[in-house]
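Bear in mind these aren't lab numbers, they're just calculated from the coordinates by the rules spelled out. Here the structure is a predicted model, which means the values were calculated and not measured. Heads up, the Cβs are rebuilt from the backbone with ideal geometry, glycines too, and the neighbour counts pull from every protein chain shown.
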Amino acid sequence: MALILLCSSVAAAQGIDELVEQRLSQDGTKLDLSGVKIRSGGAARLAEMEILKTVTELNLQNNLIEAEGMQVLAQSPYLSNLKSLDLWGNFLGDVGVKALTESPYIKNLETLQLWKNEVGEPGIRLMSQSGNFQKLETLLLNDNLITPDAMDHLVDTRAFPKLTTLGLFRNEIGPDGAKMLAKAKHLTSLKNLYLGQNNIQDEGAIAIIESPNFPNLEMLDLIQNRLGEPTLRAVFKTKRQRQIEITIR
């Protein structure tokens, strides 16, 4: 089995050059490698390719890169112009996220997608302490392992001063985590917040809805959170005071 996996990784590394040539946009700014399973070996080869210097949008969805591949890729000097990075479904874990937070080259990101990467409290803590996300506008952390403790790291962090969209759909935040998030002092640029399927209940939903820390919020998604009449009243009251779209069904 180990030999099969090794051969697969080597094959991925050997084929990455051809894939890049086929999938790079004509102007050299967009590279879509989604779903081709380059694995860690392919990620390591990708990190060596000077052609990445012109790429501003890199899609690596569903490639089984894992932490090992991310550790190598994050150290590529050819990623300095990257503005959008999609890492959906790569099983990076907190170790892979750590590589992103420590990279000296990934400092111009405006969009970072980390759906389904088994990111937990350590990963959120590392991100909240990093200086790599000062330009980030969109951060999608849907479908991970984010708990109430992770939300505590967002209360005082200044790591995301330009963040306008935060996706936390289908995590484990709960009412306590939602109340923590409601206290975040430096996420005032947020316009879109996704908190569906987090079991935040009425207590957490009301804390978010009534929080004074999100003055620019335009869209709040609270679907499938076991919400009842208290939340409906809070929604009605808030909509009378400001223009905002709140989804609770």
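Observations
- The overall shape of the range 63-109 is prolate: from the C-alpha gyration tensor, with semi-axes ordered a ≥ b ≥ c, the ratio a/c is 1.5 or greater and a/b exceeds b/c.
- In the range 2-247, Cα pairs under 8 Å separated by at least six residues give a relative contact order of 11 percent.
- Within the chain, antiparallel bridges make up roughly 5 percent of the DSSP beta bridges whose residues both belong there.
- The magnitude of the dipole of the chain, with charges of +1 and -1 set on the Cβ of Lys/Arg and Asp/Glu and taken from the Cα centre, is near 760 debye.
- Only lysines eight or more places from Lys116 in sequence, or on another chain, were considered; those with a Cα closer than 20 Å are Lys37, Lys98.
- Theoretical FRET efficiency, 1/(1+(r/R0)^6), r = Cβ-Cβ of Met219 and Lys30, R0 22 Å, to 0.05: 0.25
- Label-reachable residues, the range 213-249, where backbone N falls under 20 Å from a point 7 Å from Glu203's Cα toward its Cβ: 222-235
- Fewest-first ranking of His186, His153, using other Cβ atoms within 10 Å as the exposure measure: His186, His153
- Among Gly196, Gly28, Gly93: highest mean-square fluctuation, GNM of the chain, C-alpha pairs under 10 Å: Gly28
- Derived scalar couplings between HN and Hα for the range 49-56 equal 8, 5, 4, 5, 4, 9, 6, 10 Hz in order, rounded to whole Hz, by the Karplus curve 6.51 cos²θ - 1.76 cosθ + 1.60 (θ = phi - 60°), x for Gly and Pro.
- Listed cross-link partners Lys83/Lys185; Lys107/Lys135; Lys185/Lys239 are compared with a 19 Å cut-off, the Cα-Cα value being larger for Lys83/Lys185; Lys185/Lys239.
- Estimated from the Cβ-Cβ distance and a Förster radius of 45 angstrom, the FRET efficiency linking Phe91 and Gln243 is about 0.65.
- Neighbour net charge for His153 - beta-carbon separation under 9 angstrom, K R +1, D E -1: -3
- Over the chain, dividing the summed -39,500 (n - 2.57) contributions of all DSSP H runs of at least 4 residues by the number of residues returns a 222 nm mean residue ellipticity of -11000 deg cm²/dmol.
- Fully extended contour minus Cα-Cα distance, from Gln134 to Arg233, at 0.36 nm per residue: 32.0 nm
- 3J(HN,Hα) along the range 188-205, derived from phi through the Karplus expression 6.51 cos²θ - 1.76 cosθ + 1.60 where θ = phi - 60°, amounts to 5, 7, 4, 10, 10, 10, 10, 10, x, 6, 10, 6, 7, 6, 4, 4, x, 4 Hz, with x in place of Gly and Pro.
- Cα centroid separation - the range 32-61 against the range 126-189, whole Å: 27 Å
- Other-chain or far-sequence residues with amide H under 5 Å of Ile246's (modelled H): Leu220
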